[in-house]
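First the structure, in the form of structure tokens, and then the observations on it.
The values are calculated or read from the model by the stated rules, or taken from the named source; none is laboratory data. As the structure is a computational prediction, the values presented were derived from the model and not from experiment. Note that each Cβ is placed from the backbone with ideal geometry, even for glycine, and that neighbours are counted across all protein chains shown.
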Amino acid sequence: MAPAKQKIEKEYDDIPGTYVFDADRSREGYHLNMFCMSLMQAENRKAFKADEAKYLDQFPLTPDQREAILKRQYNRMLELGGNIYFTAKLGATDGHPFQHLAAVMTGSTQQDYADLMLRGGRAVDGNRSRSGKYAKAGSSIVKADKPKSKAKASKGKKRRG
Amino acid sequence: MARIIAGVSSSHVPAIGAAIDNHRTGEPYWQRVFEGFERSKEWMRNAKPDVCFVVYNDHASAFSVEMIPTFALGTAAEFPIADEGWGPRPVPVVKGHPRLASHIAQSVILDEFDLTLCNKMEVDHGLTVPLNLMFGSPKEWPCPIIPLAVNVVQFPPPTSNRCFNLGKALKKAIESYPEDLRVVVFGTGGMSHQISGQRAGLINSKFDHAFLDNLTKNPKKLTRLSHLELMREAGAEGVEMVMWLIMRGALDEKVDEVYRFYTVPASNTAVGHIILENRIKGAKKSAAKPAAKSKKPASKMKRAAALQKIHRVRS
């Protein structure tokens with residue numbers, strides 16, 4: 001492994017379970033995403049399915065990216081610079097509906113994931129912040145829910161989120 | 001002169017397109033979604049725009065990671081339907097309006113918005129799904145379409161404020177076009193959703209409703225939404241909602257909300273939809289006048305009455 005470079009801290013890295021696809025990731029994942037892009041053509045999908053390893057040889061991927069693709073590790077692909085709109089093309093090549101990928105990424109079964117969505121989706125409460133810094137941030141456009149005296153007192157803070 | 005008569009916003013969930021293409025709109029799951037757009041289609045049939053300007057985003061179809069234009073305006077005469085991996089959607093080719101598009105390009109660029117101009121561009125579900133929702137599945141789209149693709153795939157997309165101001169420049173551009181054209185502006189994408197990572201499946205209905213309320217009455221408030229707040233509150237891909245602000249910026253300050261629809265879920269996404277009309281200038285005067293004059297005001301009033309029948313729907 002190359003020595004860890006000093007990373008610029010990005011405030012959006014605090015959002016849990018989220019890989020924001022920025023210019024750094026885009027550069028890192030360039031070949032991974034271009035591989036996915038190639039799957040938009042039927043003959044490429046056929047060639048990939050016939051011999052995945054051989055097909056991947058045309059793309060200068062890192063060993064980690066290559067492994068993530070072959071093992072269909074969808075979160076790992078995002079971590080290594082993949083973007084969901086691109087990796088979704090790999091899922092489609094495998095014949096999977098998108099909710100299959102969502103289930104893989106969230107560590108659940110497709111049925112459980114579909115049920116979660118039918119119940120109204122994953123709640124934002126408890127899913128705002130890794131560090132806890134924004135755990136109670138709320139949104140500047142949503143009025144605070146409970147007019148408890150406590151909530152009122154911290155309203156100003158909340159609004160600045 | 002050309003004028004903007006209304007703005008329409010709608011989600012563009014790919015699964016909605018797949019449900020249409022695979023004739024599954026009658027299934028209970030999808031019925032709930034499509035029923036919400038029945039009145040919208042009726043509204044569109046009455047509105048009869050001459051041109052639609054559609055703000056949407058490309059999903060790694062026309063643009064890969066090779067080039068990432070922030071604002072890409074389609075100036076071509078035709079926009080072919082992209083093959084997104086399953087063959088192109090069986091929808092009519094999208095016909096442009098190159099003369100209006102190049103007028104808009106000139107006006108907006110001279111207004112300091114540096115657009116990328118595309119004389120060749122394929123369009124994907126981001127554009128065609130909202131067209132289906134508003135027009136149904138005709139053999140030909142009933143009017144020319146000018147696409148504006150906004151980058152919301154690679155961070156950072158343009159800011160909320162930038163988008164709103166681009167809308168204003170767009171309004172100025174359209175209103176300075178000499179031909180009498182009635183234009184509807186679409187803002188598409190959203191609402192809250194996240195389709196990537198362990199947090200996939202996130203939906204925030206409270207945020208969505210607040211966004212819709214402010215979109216009508218107080219869009220300025222939305223121009224202060226940061227990307228961080230949008231991603232945190234509405235999901236990583238919910239950031240698409242900045243595109244709705246281009247539509248809103250293109251409308252008058254005061255608008256009439258004639259229709260709204262909201263439902264969860266369509267696949268992984270909260271579906272939101274709104275129709276905002278610019279107030280017809282001088283409509284009050286003509287309505288106040290005794291019904292003696294020409295046919296025109298009467299037909300306007302008829303239209304207004306018809307629209308009042310379109311109730312606001314929330315779910």
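Would you call B:I20 among the hydrophobic types (A, V, I, L, M, F, W, C) and touching a strand residue (DSSP E or B) at 6+ places or on another chain (Cβ under 9 Å)?
no
Here is a list of conditions, (1) assigned to a loop (DSSP other than H, G, I, E, B); (2) within 30 Å of A:K133 (Cβ to Cβ), and A:S26 meets all of them except one; can you say which number that is?
Single failed check for A:S26: (1).
Just one of (1) surrounded by 22 or more Cβ atoms within 10 Å (Cβ to Cβ); (2) in contact with an Asp or Glu (Cβ under 8 Å, 6 or more places away or on another chain); (3) hydrophobic (A, V, I, L, M, F, W, C) trips up B:L170, so point out which.
(2)
Can you find, within the stretch B:63-87, the residue that is nearest to the chain's Cα centre (by Cα) among those that are without any contact (Cβ under 8 Å) to a residue 40 or more places away in the chain and buried (at least 16 other Cβ atoms within 10 Å of the Cβ)?
Per the stated criteria, the residue is B:S64.
If you scan the stretch B:70-93, which residues turn out to be part of a strand (DSSP E or B) and within 22 Å of B:P157 (Cα to Cα)?
Of the residues in the stretch B:70-93, the ones part of a strand (DSSP E or B) are B:71-74, B:78-79, B:81, B:83, B:88.
Hits for the stretch B:70-93 are B:F71, B:A72, B:L73, B:G74.
Going through A:K71, A:K10 one at a time, which residue ends up being at pLDDT below 95 and either over 19 Å from B:F63 (Cβ atoms) or at the interface with another protein chain (Cβ under 8 Å from one of its Cβ atoms) (or both)? I'd like the intermediate steps shown before the answer.
Numbers: A:K71 fails: at pLDDT below 95.
Of A:K71, A:K10, the one residue that is at pLDDT below 95 and either over 19 Å from B:F63 (Cβ atoms) or at the interface with another protein chain (Cβ under 8 Å from one of its Cβ atoms) (or both) is A:K10.
Among the residues of the stretch B:198-250, write down those that are outside any helix (DSSP H, G or I) and surrounded by fewer than 24 Cβ atoms within 10 Å (Cβ to Cβ). Quick ask: steps written out before the conclusion?
Going residue by residue through the stretch B:198-250, those that are outside any helix (DSSP H, G or I) are B:198-204, B:218, B:223-226, B:235, B:250.
Correct list: B:Q198, B:R199, B:N218, B:T223, B:R224, B:S226.
From the list B:P144, B:P156, B:P178, which residue is crowded, with 19+ Cβ neighbours inside 10 Å and not polar (S, T, N, Q)?
Working: B:P156 fails: crowded, with 19+ Cβ neighbours inside 10 Å; B:P178 fails: crowded, with 19+ Cβ neighbours inside 10 Å.
Matching residue, one of B:P144, B:P156, B:P178: B:P144.
Looking at A:L80, is it in contact with an Asp or Glu (Cβ under 8 Å, 6 or more places away or on another chain), of a type outside the set (S, T, N, Q), more than 9 Å from chain B (Cβ to nearest Cβ) and more than 22 Å from B:H193 (Cβ to Cβ)?
Working: in contact with an Asp or Glu (Cβ under 8 Å, 6 or more places away or on another chain): yes; of a type outside the set (S, T, N, Q): yes; more than 9 Å from chain B (Cβ to nearest Cβ): yes; more than 22 Å from B:H193 (Cβ to Cβ): yes.
Yes; evaluated as a whole, the condition is true for this residue.
So B:Y177 fits all but one of (1) part of a loop (DSSP other than H, G, I, E, B); (2) among the hydroxyl-bearing types (S, T, Y); (3) within 14 Å of chain A (Cβ to nearest Cβ); what number is the exception?
(3)
From the list A:M1, A:M34, pick out the single residue that is over 30 Å from B:G17 (Cα atoms) and either modelled with pLDDT under 95 or out of contact with any Lys or Arg (no Cβ under 7 Å at 6 or more places or on another chain) (or both).
A:M1
Applying the selection to the stretch A:26-47, what residues are touching a Phe, Trp or Tyr at 6+ places or on another chain (Cβ under 7 Å) and either away from chain B (no Cβ under 12 Å) or not aromatic (F, W, Y) (or both)?
Hits for the stretch A:26-47 are A:H31, A:N33, A:M34, A:C36, A:M37, A:L39, A:A47.
Identify, from the list A:D64, A:D51, A:D94, A:D57, the residue that is away from chain B (no Cβ under 13 Å) and either in contact (Cβ under 8 Å) with a residue 12 or more places away in the chain or surrounded by 13 or more Cβ atoms within 10 Å (Cβ to Cβ) (or both).
A:D64
When you check B:L117 against the structure, is it away from chain A (no Cβ under 14 Å) and under 17 Å from the mean Cα position of the chain (by Cα), yes or no?
No; evaluated as a whole, the condition is false for this residue.
How about the stretch B:252-275: which of its residues are surrounded by fewer than 24 Cβ atoms within 10 Å (Cβ to Cβ) and over 27 Å from A:D115 (Cα atoms)?
B:D252, B:E253, B:K254, B:V255, B:D256, B:E257, B:V258, B:Y259
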